[in-house]
Amino acid sequence: MSLTEEIKKRRTFAIIAHPDAGKTTLTEKLLLFGGAIQTAGAVKSNKIDTATKSDWMEIEKQRGISVATSVMGFEYKDVKINLLDTPGHQDFAEDTYRTLTAVDSVIMVIDCVKGVEIQTEKLMEVCRMRNTPVICFINKLDREGRDPYDLLDEVEEKLNIKVRPLSWPIGMGKGFKGVYNLYEKKLNLFTPSQRKLSDDRQVFENLDDPQLDTLIGPGNASQLREDVDLIEGVYPDFDVKDYLEGKIAPVFFGSAVNNFGVNEMLDTFIKIAPTPKSRDTDVREVNPEESKFSGFVFKIHANMDPNHRNRIAFLRICSGTFERNKPYNHVRGPKPLRFSNVTQFMAQDKEIIDEAFPGDIVGLYDTGNLKIGDTLTEGENMVFTGIPSFSPEIFREVVNKDAMKTKQLEKGLKQLMEEGVAQLFTFEMGQRKVVGTVGQLQFEVIQFRLKNEYNATVEFHPMNLYKACWISCKDKKQLDEFVRSKNRYIARDKDDKLVFMAESKSWLQMVQDNYPEIEFHFTSEF
Ligand code: G4P
């Protein structure tokens, strides 16, 4: 198959959701449709039991530190689907943000009872930064949820994106009968089944068919006809281009657990979802069809066993053909790298592969050469952009409790930060080290791993900080002057970039007002 054909065949995406909306259930149903698994219940949820929410060791166990479920590849109707898993726990949100840099589109699951929740809003902001095309799946229609029209309004309002329903529910709760496919203008009536796919379906191409009244009841049938007329009248025709540009989100309704509406979405997804897209580097845009390979690392999985300190780096292939054992330019590093152990993930298995194509995600065994954001190429010196760090929300000062192990501590911190566990900021004054995270759990993770893997003992002391803002200014003199006068609050991030550590929202606002020429950024890429 030619490179162009390989690219056309691929769809790389992630499912995102507020915890409990049904991400795991939907993933499982997609794998069932793809024939990658035979019965439901096979995919392990990476959702964390409430009882163990604060015990990260338990959480890691539950997640199985499971490399296999990080990427699930499967084929459906001749399309190679790469589904990237995102952590269910909010404290690992940074991980999710980075995963979103490696996909071409997103399916967002929303619970029809709860509507748009906080985590969904945050994730949508990240999608918007890159104009990632989003499909919404409104789930759990077998429960008495909110009115579908209200839900659509809420998605538009809270997620700040135009919507276009492409399927429509018939009834809700106990009276939920299925969904009408507005995109293909047909109705598949299934028997609900939680464990397997039902072949027992009845297809209606014409809504005026009187048999419909018999099957779903005259009330439901006339309501459906009315709804479809209304939707087609109110919403403009669906334009794939708008979806691909991230301007409109097609919406599907269904019940993942009962297999309702999933097929409608998947069939439409493979038709409209983007194939691997061009990506920006600091030098130029890279087209997937370029014959020379390029890709970037967006995630690193550490081996928790201190005797085997190898890790798996997840590489997204952006152009050309990636080949095993071929030396590639590690743009940030001192020497070329070659990889003999390259894995790809098919459903829940992983297999060693010889080559991979744009859109694919491969796992590279790494002994400490790679870090998140690294670019590999077939020679060219360029770096993929769009993999920013976000300002953390919780800050703690690192206090070394064993001066004899300072070197180990430095090494451990450096490596953990390279894996993206948290962010490290070093104050210019006094070289105090501050770790910033999005959740409490990471501090436990870091403390445990520093002790276990590097034999370093640390404590974390609370710090009164609100945000880390990356700063820039067109006039270098003015920036120097700002840095001098605010010396106590200036730190450097892992890449030595200047960061202003703001103590409170109001104070940050004041400083921004007093220094209008200084730009304050909440992500490391601007
Ligand atoms: P998550 O990965 O987004 O966190 O959600 P997950 O799929 O684990 O689903 C959360 C809960 O919602 C599960 O129930 C799941 O069975 C249920 N669920 C998913 N889809 C539907 C649906 O279409 N309708 C209804 N009524 N429920 C749905 P649980 O009680 O937490 O777990 P389980 O014991 O049922 O597996």
Worksheet, complete the sentence: Selection over the stretch 331-343 where residues are surrounded by 18 or more Cβ atoms within 10 Å (Cβ to Cβ) and under 20 Å from residue 279 (Cβ atoms) yields a count of 1
Worksheet item: Any residue in the stretch 74-88 that is surrounded by fewer than 22 Cβ atoms within 10 Å (Cβ to Cβ), within 16 Å of the ligand (Cβ to nearest atom), acidic (Asp, Glu) and at pLDDT below 90?
Response: no
Practice prompt. Read through the list (1) touching a helix residue (DSSP H, G or I) at 6+ places or on another chain (Cβ under 8 Å); (2) open to solvent by 60 Å² or more (accessible area, probe 1.4 Å); (3) free of Cβ contacts under 8 Å to residues at least 60 places away in the same chain, then give the number of the only condition that residue 500 fails.
Written response: (2)
Worksheet item: Looking at (1) within 16 Å of the ligand (Cβ to nearest atom); (2) under 20 Å from the mean Cα position of the chain (by Cα), can you tell me which one residue 295 breaks?
Response: (1)
Practice prompt. Of all residues in the stretch 104-162, count the ones that are out of contact with any strand residue (DSSP E or B) (no Cβ under 7 Å at 6 or more places or on another chain) and aromatic (Phe, Trp, Tyr).
Written response: 1
Worksheet item: Where in the stretch 381-492 are the helices (runs of 4 or more DSSP H), entirely inside, with at least 1 residues that are more than 24 Å from residue 519 (Cα to Cα)?
Response: 406-418, 441-454
Response to the item:
Given (1) open to solvent by 30 Å² or more (accessible area, probe 1.4 Å); (2) touching a Leu at 6+ places or on another chain (Cβ under 6 Å), residue 444 misses just (2)
Discussion item. Can you confirm whether residue 439 is out of contact with any Lys or Arg (no Cβ under 8 Å at 6 or more places or on another chain), open to solvent by less than 70 Å² (accessible area, probe 1.4 Å) and modelled with pLDDT under 90?
Written reply: yes
Item to complete: Return yes or no: is residue 45 modelled with pLDDT under 90, within 14 Å of the ligand (Cβ to nearest atom) and open to solvent by 20 Å² or more (accessible area, probe 1.4 Å)?
Response: yes
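One line per residue, one yes/no per condition, for (1) part of a loop (DSSP other than H, G, I, E, B); (2) assigned by TED's automatic domain parsing to the domain that holds residue 206:
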{"residue": "221", "(1), (2)": "no, yes"}
{"residue": "231", "(1), (2)": "no, yes"}
{"residue": "241", "(1), (2)": "no, yes"}
{"residue": "290", "(1), (2)": "yes, no"}
{"residue": "300", "(1), (2)": "no, no"}
{"residue": "326", "(1), (2)": "yes, no"}
{"residue": "332", "(1), (2)": "yes, no"}
Worksheet item: Being modelled with pLDDT of 95 or more and part of a helix (DSSP H, G or I), is that true of even one residue in the stretch 243-257?
Response: yes
Discussion item. I'm checking my understanding of the structure. Among residues of the stretch 503-526 that are out of contact with any strand residue (DSSP E or B) (no Cβ under 8 Å at 6 or more places or on another chain) and closer than 22 Å to residue 432 by Cβ, which one is surrounded by the most Cβ atoms within 10 Å (Cβ to Cβ)?
Written reply: 503
Practice prompt. Exactly one condition in (1) within 16 Å of the ligand (Cβ to nearest atom); (2) of a type outside the set (A, V, I, L, M); (3) open to solvent by less than 10 Å² (accessible area, probe 1.4 Å) is not met by residue 258; state its number.
Written response: (3)
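For (1) open to solvent by 10 Å² or more (accessible area, probe 1.4 Å); (2) of a type in the set (Gly, Ala, Ser), each residue gets a yes or a no:
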| position | (1), (2) |
| --- | --- |
| 245 | yes, no |
| 266 | no, no |
| 290 | yes, no |
| 296 | no, no |
| 302 | yes, yes |
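The values are calculated or read from the model by the stated rules, or taken from the named source; none is laboratory data. Since this is a predicted model, take the numbers as computed values, not measurements. All Cβ positions, glycine included, derive from the backbone under ideal geometry; neighbour counts span all protein chains shown. Protein only, heavy atoms only, side chains kept; ligands, DNA and RNA dropped before computing areas. Shrake-Rupley method; radii C 1.70, N 1.55, O 1.52, S 1.80 Å.
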